[in-house]
Amino acid sequence: MTGTARFSGGGFVHVKNPHLEAMDEDVLYHLDLGTKTHDLPAMFGDIKHGMGIPSVSIMLHELIKLLHHAKCRDVTIIRIGTSGGLGVQAGSVVITDRAVDACFQPRFEQVVLGDVVVRGTDLDGGLVEELLACSEAIPDFPTLVGHTMCTYDFYEGQGRLDGALCSFSNERKLEYLKRAHDAGVRNIEMESTAFAALCGLCGLRAAVVCVTLLDRLEGDQIRASHEVLQEYQQRPQRLVAAFIRRRLGLRAAAGNTTSSH
Ligand code: URA
């Protein structure tokens, strides 16, 4: 692993978070590892990540150029993925009506040549309604419309107490998350504002559909089993598949109770 982590006595990495010691188990969700389920000292190795605004931005620049070179018209683009819920049951699917930043503002700030450029994050309201209508044919999980908060970080940036750094109390964390909820935020992820801004500026009709893996008002760690998480992750895909079938005038898939048109 490369990086600039600071090492304390004995060469060990120093984790500056008093909350970690009190935890019975630490589940490292993105790495699919846990301190109880895995022998982490024996398994330590190189890790590569592809998530968040830098990854989605690079991918979109090249995808949008591809669509341009291919002379595609009337393109609809939907981001599907996972998120943390806010006051909603784990496994709920949130269709984003507004992508907001960590201050609950509908904006995406991009530094360009040293200047902060602020871009709007409007999404297509018609698509939100169409997607919601499709969800009626899939009654086996809750689907709702709400604001989605996009952050630059999974831990401190989303008010988690279980990162390698944490400078706030549980009370301040909950006060922040409740303010977000009062502002209309129903889920938190790490791509939607950049996605909405870039797609909007390039004339693509865009939507964001994410499943919630936990309710952040109840905790920070993602503790659902691998099987449950696998099933949750299919939910946005099932909703978007229903949307595509509806657009193409195809019948509903087996297992969905009503037919689409
Ligand atoms: N993705 C996030 O960004 N946050 C969560 O809590 C879960 C998935």
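The values are calculated or read from the model by the stated rules, or taken from the named source; none is laboratory data. Note that the structure is predicted; figures quoted are calculated from it, not measured. Note that each Cβ is placed from the backbone with ideal geometry, even for glycine, and that neighbours are counted across all protein chains shown.
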Fill in: Members of segment 216-230 found to be surrounded by 15 or more Cβ atoms within 10 Å (Cβ to Cβ) and under 24 Å from Cys134 (Cβ atoms), listed by number
Leu229
Item to complete: Please tell me if Ala207 is touching a residue at least 12 places away in the same chain (Cβ under 8 Å), in a strand (DSSP E or B), under 16 Å from Arg79 (Cβ atoms) and away from the ligand (no atom under 15 Å from the Cβ).
Response: yes
Discussion item. Every residue in segment 213-225 that is within 10 Å of the ligand (Cβ to nearest atom), in contact with a helix residue (DSSP H, G or I) (Cβ under 8 Å, 6 or more places away or on another chain) and either farther than 17 Å from Gly157 by Cβ or not basic (Lys, Arg) (or both), please.
Written reply: Leu213, Gln221, Ile222
Practice prompt. Would you be able to tell me the number of residues in segment 242-257 that are under 23 Å from Thr96 (Cβ atoms) and surrounded by fewer than 16 Cβ atoms within 10 Å (Cβ to Cβ)?
Written response: 2
Worksheet item: among the hydrophobic types (A, V, I, L, M, F, W, C), surrounded by 17 or more Cβ atoms within 10 Å (Cβ to Cβ) and either part of a strand (DSSP E or B) or away from the ligand (no atom under 14 Å from the Cβ) (or both), is that true of Ile78?
Response: yes
Worksheet, complete the sentence: Checked Gly163, Gly146 against criteria (within 16 Å of the ligand (Cβ to nearest atom), within 18 Å of Gln221 (Cβ to Cβ) and surrounded by fewer than 23 Cβ atoms within 10 Å (Cβ to Cβ)); the one match is Gly163
Item to complete: Please tell me if Asp46 is at pLDDT 85 or above, more than 30 Å from Thr148 (Cα to Cα) and acidic (Asp, Glu).
Response: no
Item to complete: Could you identify the single residue in Leu131, Leu201, Leu174 that is more than 16 Å from the ligand (Cβ to nearest atom), of a type in the set (A, V, I, L, M, F, W, C) and at pLDDT 95 or above?
Response: Leu131
Discussion item. Any residue that is in contact (Cβ under 8 Å) with a residue 60 or more places away in the chain and outside any loop (DSSP other than H, G, I, E, B) - is there at least one of those in segment 217-225?
Written reply: no
Discussion item. I'm checking my understanding of the structure. Among residues of segment 177-198 that are touching a helix residue (DSSP H, G or I) at 6+ places or on another chain (Cβ under 6 Å) and assigned to a helix (DSSP H, G or I), which one is farthest from the ligand (Cβ to nearest atom)?
Written reply: Leu198
